[in-house]
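Heads up: the structure comes next, in structure tokens.
The numbers here are math on the coordinates, done by the rules we state, and not lab data. All of these numbers come straight from a predicted model, not from anything done at the bench. Cβ placement follows ideal geometry from the backbone for every residue including glycine, while neighbour counts extend to all protein chains displayed.
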Ligand SMILES: Nc1ncnc2c1ncn2[C@@H]1O[C@H](COP(=O)(O)OP(=O)(O)OP(=O)(O)O)[C@@H](O)[C@H]1O
Ligand SMILES: [Mg+2]
């Protein structure tokens, strides 16, 4: 269970990015978070692994309340794939990045290597394992960052703009992957067709507040709601409407 309780957050320059956000996300759910550029989506989800700490209000994941002291515990529960993959990859070779988290958790090297191979084969990046991450293409970086998170087997997986660098085939692969996950999955994306294919529930964030929260089809078919929050209908519905 993921819980945000009256969460507010202001950046040091005075930008108020979140105002009194309250949300409950049950275990095993797949939830989409959408909203215009600058709405506060990344700020919100970056609270889930204690990258940001609550300034007012609370964030609780599987009974663990986010705080400086609990940051490490929280990071075992939550795997966050950052909006910018380069924030996630820092080792000399891709395989080192994928092994880094599990080895830090004290998992034995052979078992960690078996898991890493399985995850990287699933994402089709096993052949890239010896490359330096900074030499990968953007889409390859995205999958490498994803692999570092999946290898940790978190109970909550959070992905920020996962499809922005992906070609259509890899985008499709990611849809299948997310749909096959047993973990709670929170996806932030401007790709509303991707959200449609992967999430049962959608939360709309606007100017740091929850503007709407409901079943995916209800929210994503509501043109007025989407447009009043700086969004547009998913492309599949636009095509349908224009014939
Ligand atoms: N480090 C920072 N310092 C000051 N303001 C920031 C900082 N990071 C983000 N902001 C501001 O906080 C607000 C929310 O930003 P955030 O990155 O959470 O938006 P977002 O919904 O993820 O947008 P996008 O769709 O463009 O990724 C914006 O007004 C942004 O300018
Ligand atoms: Mg963002």
**Request:** Could you state the angle between the C-alpha long axis of helix 168-180 and the longest principal axis of the C-alpha atoms of the chain, as a value from 0 to 90 degrees rounded to the nearest 10?
**Result:** 90 degrees
**Request:** Classify the stretch 112-194 as rounded, prolate or oblate from the Cα gyration tensor: take a ≥ b ≥ c as the square roots of its eigenvalues, call it rounded if a/c is under 1.5, otherwise prolate when a/b beats b/c and oblate if not.
**Result:** oblate
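Counting pairs of alpha carbon atoms under 8 Å apart in space and at least six apart in sequence, what relative contact order in percent does the stretch 78-171 give?
47 percent.
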**Acute angle (nearest 10 degrees) that the helix 109-122 long axis makes with the longest principal axis of the chain, alpha-carbon atoms** = 50 degrees
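Report, for the chain, the % of DSSP beta bridges that are antiparallel, rounded to 5.
Taking every DSSP beta bridge with both residues in the chain, the antiparallel ones total about 55 percent.
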**Fill in**
Honestly the stretch 159-243 on the Cα gyration tensor test (a ≥ b ≥ c root eigenvalues; a/c under 1.5 rounded, otherwise a/b vs b/c for prolate or oblate) is just oblate
**Net lengthening on full extension, residue 5/residue 109 (0.36 nm per residue, minus Cα-Cα)** = 33.5 nm
**Prompt:** For the chain, what relative contact order do you get, as a whole percent, if you take Cα pairs closer than 8 Å and at least 6 residues apart?
**Reply:** 25 percent
**Prompt:** So how much slack lies between residue 138 and residue 218, counting 0.36 nm per residue of separation and subtracting their Cα-Cα distance, in nm?
**Reply:** 25.5 nm
**Asked** Taking the Cα atoms only, what angle lies between the long axis of helix 138-150 and the longest principal axis of the chain, rounded to 10 degrees?
**Response** 80 degrees
**Message:** Suppose the chain between residue 86 and residue 228 were pulled fully straight at 0.36 nm per residue; how much longer would it get relative to their current alpha carbon spacing?
**Reply:** 47.8 nm
**Request:** Would you mind classifying the stretch 1-147 by shape? Square roots of the alpha carbon gyration tensor eigenvalues, ordered a ≥ b ≥ c; an a/c under 1.5 is rounded, otherwise it is prolate if a/b is larger than b/c and oblate if not.
**Result:** prolate
**Message:** Just to verify a number: FRET efficiency for residue 182 and residue 13, C-beta to C-beta distance, R0 = 45 Å, to 0.05?
**Reply:** 0.65
